[in-house]
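Note sheet for the following structure.
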């Protein structure tokens, strides 16, 4: 497409053409009306002048007879102007006047008529006039008229003006349209060029904003906001892959080192054994990280596993029962409060995994900062409105408000937790599982400590759920096993 | 348990060689098929105790292989090995007629423990004792009573199920994941040693004050309940 063709095809140009046409039509109507009104006004004026003239001449006749009328007409004829006069006898013989010839029918009427005539002293040209015939008492006929050449001339001027202005209008409209279109096109081209550059990989690029606040600016601003969001997301993704690279590299390096050590220690079966066991441990850790990453990726891509309605209360009490002993063994006071039926749609294994991750975290980081204080861990499950809340509370040092979003990201571990083993994926996975189930993982202040809440939408009904096998209730007070 | 006849159907030759060698070292007979059709033919002919089937195989995939066998009324227990370890994949595998499912990569000890359990299940097909006995420990599955040396021991329901599972596999290694799967019916991977703590509680109830330990920890594999005298 040529540049000109592109210009003609722009919306701005098409609009300009349409506007010119509409405007030209409107202008025509206005000019036509003005012309008609001008004519009416001028004709009325002419008629009045003629009537006044006739009245004047009739007065002259009344005062001084036909002689005075003739003198008066002769005087008036000498003056320049478009007035015409003709005084005839009853028989029609001209007495005085500046009209040489007239259509005979003219004299038969007494109202204002438009007629053609020939002036005295002219042979060819026929003129147009408005005229009126008046019968004087002595049966003289008096014709008084006014040439309408000027009127015609005015109308012609108006016609020309109209034509010319219409032409200009269309021309200016078209040129204006082209200019506007070109201006818009230039901006659109600028935006396209920027977009192409951004598509080419320069994600920091932004669309030009002129600052006029017009619709193109608003569009560009919105697209820029979108680009900023995409850039953030991509940056996040890059960070994640950098993190993955780093966090997989660390255990891989350790694994390699252990293998290296094992090679050098072939003489001592005991150390060799230890090295090999370490290698297997590191490999298992890698597999665990890998599985968690895969699960997060799956959960985030929304490829939901088989959906079924299950009772989250049963899952919560199962998990509570599973972790209670481990908590006690660590001297953590474990309690749980679980409502009766909490139907949730999704996958019970995943919800169990998410709860287990929260409890793992609680056991690891829920140790109170204060010396001598007892660590407590509390699992509760209840419904609030249409939401099932599964929460795990501890009395540890908690997560500062500023870090709460960050710790949900993959591999993010707060400085305080670096000394403990872990991959930094537990909360990410729990959050991904919550999102997959149409819910969210929220971290709240437990003053002191952390309250991690998995919020899930309550399913409408609990179908085909076998009555939960009653596991010994996990009491608020830890029971001694022996 | 010794002298199992195993068929490893796996197209990765290195992985298969490792498995066959490892099984033979344990005193078992292990054959290898490199594709689905060959594996199907051998499984139909040979008298195997357990089939170890990779899910993705040339010519005939693992799941189709197992459902074809089941259609032929060949009920040899089959354990599916798969790189697809997600929750759904396990369900699909078991639905196709597999008896157990182990995602790759796995620890050999885990595989061995599961294969032994499957082989034993084949031997016992249908016959389910109502009373399990290991040395002087007696568990009555109907009355839910547990005695050791005639003295009754009170267990919580979950502890009872845990012991019941261990005793039904007396003399066999039972891994932590097997316990989580069979006693708690979950397949996730707890970071905390939750199972170990439950085992140690159980051990406190059944072994404490007795000269012979019955509930043993098998290093790097899991647990086993057996008569310590043997």
Return yes or no: is residue A:423 modelled with pLDDT of 75 or more and buried (at least 18 other Cβ atoms within 10 Å of the Cβ)?
no
Filter result for residue A:184 (under 26 Å from residue A:5 (Cα atoms) and surrounded by 15 or more Cβ atoms within 10 Å (Cβ to Cβ)):
yes
Select from the stretch B:200-228 the residues that are in a loop (DSSP other than H, G, I, E, B) and either under 26 Å from residue B:151 (Cβ atoms) or facing chain A (nearest Cβ under 8 Å) (or both) and list them in ascending order.
B:207, B:208, B:209, B:210, B:211, B:212, B:213, B:214, B:220, B:226, B:227, B:228
Scan A:73, A:95, A:54 and give me the residue that is on the phi < 0 side of the Ramachandran plot, assigned by TED's automatic domain parsing to the domain that holds residue A:134 and modelled with pLDDT under 85.
A:95
Only residues that are in a helix (DSSP H, G or I) and either within 13 Å of another protein chain (Cβ to nearest Cβ) or in contact with a helix residue (DSSP H, G or I) (Cβ under 8 Å, 6 or more places away or on another chain) (or both): list them for the stretch B:67-90, please.
B:68, B:69, B:87, B:88, B:89, B:90
Regarding the stretch A:256-268, can at least one residue be identified that is surrounded by fewer than 22 Cβ atoms within 10 Å (Cβ to Cβ), part of a helix (DSSP H, G or I) and within 14 Å of another protein chain (Cβ to nearest Cβ)?
no
What about residue A:350, is it closer than 27 Å to residue A:237 by Cα, at the interface with chain B (Cβ under 9 Å from one of its Cβ atoms), part of a helix (DSSP H, G or I) and free of Cβ contacts under 8 Å to residues at least 24 places away in the same chain?
no
Inter-residue pairs, beta-carbon under 8 Å, first farther than 15 Å from residue A:285 by Cα and assigned by TED's automatic domain parsing to the domain that holds residue B:79 and in the stretch B:93-107, second part of a loop (DSSP other than H, G, I, E, B) and modelled with pLDDT of 85 or more, 6+ apart
B:93/B:55; B:99/B:77; B:100/B:77
Sole residue being part of a helix (DSSP H, G or I), surrounded by 14 or more Cβ atoms within 10 Å (Cβ to Cβ) and not assigned by TED's automatic domain parsing to the domain that holds residue B:36, chosen from B:158, B:120
B:158
Selection count, the stretch A:321-347, where residues are at the interface with another protein chain (Cβ under 9 Å from one of its Cβ atoms) and under 46 Å from the mean Cα position of the chain (by Cα)
1
Within the stretch A:240-249, does at least one residue satisfy the condition of being within 20 Å of residue B:189 (Cα to Cα), more than 10 Å from every other protein chain (Cβ to nearest Cβ) and in contact (Cβ under 8 Å) with a residue 40 or more places away in the chain?
yes
Filter pass, residue A:380 being part of a loop (DSSP other than H, G, I, E, B), in contact (Cβ under 8 Å) with a residue 12 or more places away in the chain and either assigned by TED's automatic domain parsing to the domain that holds residue A:436 or closer than 24 Å to residue B:156 by Cα (or both)
no
Residue tally, condition in a helix (DSSP H, G or I), at pLDDT 75 or above and within 11 Å of another protein chain (Cβ to nearest Cβ), over the stretch A:299-316:
2
So is residue A:283 in contact with a helix residue (DSSP H, G or I) (Cβ under 7 Å, 6 or more places away or on another chain), surrounded by fewer than 18 Cβ atoms within 10 Å (Cβ to Cβ) and outside the structural domain of residue A:451 (by TED's automatic domain parsing) or not?
yes
Please go through the stretch A:281-292 and pick out each residue that is facing chain B (nearest Cβ under 9 Å) and within 9 Å of residue A:255 (Cβ to Cβ).
A:283
Reported set for the stretch A:323-368 where residues are surrounded by fewer than 21 Cβ atoms within 10 Å (Cβ to Cβ) and at positive phi is A:331
Which numbered condition trips up residue B:160, out of (1) modelled with pLDDT under 90; (2) in contact with a strand residue (DSSP E or B) (Cβ under 9 Å, 6 or more places away or on another chain); (3) farther than 30 Å from residue A:365 by Cβ?
(1)
From B:39, B:98, B:93, which residue is assigned to a loop (DSSP other than H, G, I, E, B) and surrounded by 15 or more Cβ atoms within 10 Å (Cβ to Cβ)?
B:98
Restrict the check to the stretch B:166-175 and report whether at least one residue is without any contact (Cβ under 8 Å) to a residue 60 or more places away in the chain, away from every other protein chain (no Cβ under 14 Å) and more than 21 Å from the chain's Cα centre (by Cα).
no
Identify all residues within the stretch A:129-177 that are out of contact with any strand residue (DSSP E or B) (no Cβ under 9 Å at 6 or more places or on another chain) and not in a helix (DSSP H, G or I); write none if there are none.
A:137, A:138, A:139
Given the options B:183, B:197, name the one that is on the phi < 0 side of the Ramachandran plot, outside any loop (DSSP other than H, G, I, E, B), crowded, with 17+ Cβ neighbours inside 10 Å and more than 9 Å from chain A (Cβ to nearest Cβ).
B:183
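The values are calculated or read from the model by the stated rules, or taken from the named source; none is laboratory data. From a predicted model like this one, the values you see are computed outputs, not experimental measurements. Ideal geometry is used to build each Cβ from the backbone, glycine not excepted, and the neighbour counts take in all protein chains shown.
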